[in-house]
Structures are given as structure tokens and as C-alpha cells.
Amino acid sequence: METPDTRSLLAQAQGGDADAYCEMCHALEGRLLRHAMTLCGNESLAEELAQETLVEAWRYIRRYNGRCQFFTWLCAILLNRFRNVMREKRPAPLSTLDREEEATARNHIEQITDENCAPDEVVETFERAAQVRLCIERLSQKHQQVIYLRFYVDDSLEGIAAALGCSIGTVKSRLFHALEKLRTMDAMSGEIENLPSIKEKL
């Protein structure tokens, strides 16, 4: 949730204060990087996506109208950056990485996983997350967007609608159809029902 301090920094940034924006970025960059890693599964690409997202957000900071959380707005930009990358060149899946690259990726996942998890739980989480990500990538772009923003960013339906520039009804419809398509995928057997409070998300 945004705090009064965050809102104050945002107001200053929208007024052209680069230092205020940098302070905001410092507070959000770790979280944004984790989301970028969730999207692409590649550490170097995730860092590039997060950096480009923050640069683009600064360029268009005055367009942010406050109808959704600022972080949700950042994630919508992140999704567009990722979509552009996918159009140009699809990043290699983790299974094709060499041992050193895979070790780096796994180490990064371990750093963003609950520190109380046992090593075998970390590996299981990593493998399950990769499987879910691959299934989500099979969805259309509009369905990927609502799944990501609802279950990973966890914003309200109203916030997602504002970030994507569509109606709440459209968000609900896309979310319903996206979940139905995921349910038909063998690799997602059991995973859909494990997503938190699905009925509450619709």
C-alpha cells in the first residue's frame, strides 16, 4: 500500500523532482525486479526490464492519474516492455541454460523466496513457478496481463482496469476466461485450485 511519504514523493516527482523519483525507485526496485524475474525467469533480462520500466515511468510520470496503485502502473509498463521483448526475441527457457546460468537463476530465486523454506522446498517452488510461468505464456497477451496483475501484483479489479485502460467488466471477463484456459492445461493440474482465493479474485 502507498504511504503518505510515498504519495508526497510521487507528487514531487510529477512536479519534475528527479531526486524524489530516485528515492521512490530505491524503495520499489527490489519488488519490481522480483516481478520481472517472475515474468521472464532470466536474471539479466529481468534487471534490464526493471531498469527500462523505471526509465519509461519517469518519462511519462505526469500521465499517472492515481486511479490505481503506482506499483500497479509500473507493472503494467513492465508487462508492455516484456511483451516487446517477446516479439523481438523469445528468451531461452531455464531448461536450456548451461549449468552456470541455471545456478545463477536458482540462486536469485532462493534470495527472493521465504528465508524459512528448506532447500528442497526452494527447489520445488522454483520448478513449480517455472511450470506455471510457461503455462501462462501460452495465454493471449490480454489474458496474461490480468492473471499477472491479479495474482502476482494482487491489486483490485478497479486498479487493474485503470492500469490497463479498460472497464472492470472487461477485467472480470478476461480473468474468468484466462482461468478457464489454464484449467484445461494438463501441466496446471492442481495448480489453479492452489491459487489464493480464486473466487474472491473474480
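Laboratory data are not the source of any read-out in this text; all were calculated from the coordinates shown. Only a predicted model underlies this, so the values are computations on that prediction, with no experimental measurement involved. FYI the Cβ positions are ideal-geometry reconstructions off the backbone, even for glycines, and counts take in every protein chain you see.
As a calculated quantity, the FRET efficiency between R7 and E56 at R0 = 25 Å, using C-beta atoms, amounts to about 0.75.
Were the residues from F176 through N84 laid out at 0.36 nm apart, the gain over their Cα-Cα distance would be 30.6 nm. Legend: calculated FRET efficiency, S167 to Q141, from the Cβ-Cβ distance at R0 = 22 Å, rounded to 0.05, equals 0.80.
Modelled this way, with points 7 Å down the Cα-to-C-beta line, the labels at E48 and S156 are 3.7 nm from one another. Working note: Cα gyration tensor of segment 53-92, eigenvalues times five, square-rooted, sorted largest first, giving semi-axes of 23, 10, 7 Å. When each of the peptides 55-67, 155-167, 34-46 is scored by how many other beta carbons lie within 10 Å of its residues on average, the order from highest to lowest is 34-46, 155-167, 55-67.
Principal semi-axes of the equivalent ellipsoid, √(5λ) from the alpha carbon gyration tensor of segment 26-89, are 19, 13, 10 Å from largest down.
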